[in-house]
1. Over the Cα atoms of the stretch 135-239, what is the Rg over Rh ratio if Rh follows Kirkwood?
2. Treat each spin label as a single point 7 Å out from the Cα along the C-beta direction, and report the ASN204 to THR284 distance in nm.
3. Report the chymotrypsin sites (Phe, Trp or Tyr not before Pro) located in the stretch 247-335 that are in a DSSP loop and have at most 12 other Cβ atoms inside 10 Å of their Cβ, or state none.
4. Give me the percent of the accessible area of the stretch 283-365 that comes from carbon and sulfur atoms, probe 1.4 Å, all protein chains in place.
5. Would you mind getting me the FRET efficiency between SER161 and PHE384? Use the beta-carbon distance for r and R0 = 35 Å, nearest 0.05.
6. With +1 on each Lys and Arg Cβ and -1 on each Asp and Glu Cβ, and nothing else charged, work out how big the dipole of the stretch 62-141 is about its Cα centre, in Debye to the nearest 20.
7. Would you please classify the overall shape of the stretch 88-145 from the alpha carbon gyration tensor, given that a ≥ b ≥ c denote the square roots of the eigenvalues, rounded means a/c under 1.5, and beyond that prolate means a/b larger than b/c while oblate covers the rest?
8. Find how many whole Å separate the alpha carbon centroid of the stretch 152-180 from the alpha carbon centroid of the stretch 286-352.
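The values are calculated or read from the model by the stated rules, or taken from the named source; none is laboratory data. A quick note: this is a predicted structure, and the numbers were derived from the prediction, not measured. As a convention, Cβ positions derive from the backbone with ideal geometry for all residues, glycine included, and neighbour counts pool all protein chains shown. Quick note on the areas: whole protein, heavy atoms, side chains included, nothing else; ligands and nucleic acids left out. Shrake-Rupley method; radii C 1.70, N 1.55, O 1.52, S 1.80 Å.
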Amino acid sequence: MGISGLGSRDRSGNRKRVVRRRRGALLALLASCAVLLGYAIPAQAVHDTGAFQLDGDAMSNTNPMTPPAMDDWDKVCHEANPTVCPAGSNTSGATAVSWTDDGAGKNNKSIFTGGGSKDGLDLDQWAWKDGSVPPKDNLLHAYAARYSLAPSSSCPAGGTSTCELLVFGSDRFANDGDAQQGFWFFQNKVTLGTGSVGGGTSFNGTHRRGDILVLSNFSNGGTISSVLIYEWDETVTGNLNLVRILNGAKCSSFLLSGDRGCAIANSADGTVAPWPFLDAADKTAFRTNEFLEGGLNLSLLGNGLENECFASVLAETRSSTSTTAVLKDFVLGSFANCEAKVNTTPSVGAGAIVVPGTSVTDGVTVTGQGVPRPPTPTGDVKFFLCGPI
């Protein structure tokens, strides 16, 4: 497997800080920490971690992995949306899960529109609308999960304290052509907006340096030609820093050379869909190459990536393999809780009236919350006086 890599960035800052100000209420501005990618580490097999089945189907009762893995997308769906997937059980300890429905068949809820909807442009230039795309580019569902595992020979951590496994997948309406798919992992919360931009409707949220884009291109024959990993970096031309190229990156339990990341499509018609599914041929099971899944061992990508918290995930289809390609369809979902907790402790008069002229101070503690480790809070804490009535 050919692998190339470049780029690194230092981290700094404490997870907690204390601010003391005049008595009052407060607003905390929350932010996630930056992502770091880089140096070479001996590769291992991300599909053989013993946590998740990257085997080309979505059902946990098929368990061909070595060592055996108990989780698959049926459990992710049950945990994230038990109404859609009522049978079965939750995952075996995933730290974050996401499962999102984009509407059945031609009734697509959202597609990209406008010339600003490209991976190398910030989200304030992206636009969406309700509409249709070619059937092979029409995503129906998208999903992701994350695990923090104890380091082992099957799940190495590259010298860090945990093996951080990130898995992702999607299914599409038709299989009548090659597909170019991508998966964005955003540190900031990203949602659909209501404003007008680029001939469509806006997105809420912006990129942060270190957001991850994973591109997986596969042919109609099911061959995974490559997995490319980029980070958002506004200091480089085009805003996308190529971090890793993983060639021949098809997940396989017999891939002896190991890998930092891989992807695989389903290889046969009739692959069971754990959730309600209907494709362009009116089939309720995945036809060949309608289902795609993949994974990354974040701990082997280097320089602190395993510490990052991703609040939102977006699956996308594209017109070509280029990072400047026009984006077509997308499915956007929530992922981990990457926020901050604020506690305030007044010196006197908690919950009561304070006599005018009394000196009062508030102690405020802002603590990051996130998986696997809390991000460092940044921004300001603002105070204002309340009263007198």
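1. In the stretch 135-239, Rg relative to Rh is 1.02.
2. Reported label-point gap for ASN204 and THR284 is 3.7 nm.
3. PHE254
4. 53
5. Details: r = 41 Å, r/R0 = 1.17.
Result of the calculation: an efficiency of 0.30.
6. Once rounded to the nearest 20, the dipole reads 240 debye.
7. Values: a/c = 3.25, a/b = 1.54, b/c = 2.11.
Because a/c hits 1.5 or more and a/b fails to exceed b/c, the stretch 88-145 counts as oblate.
8. Answer, in whole Å: 13.
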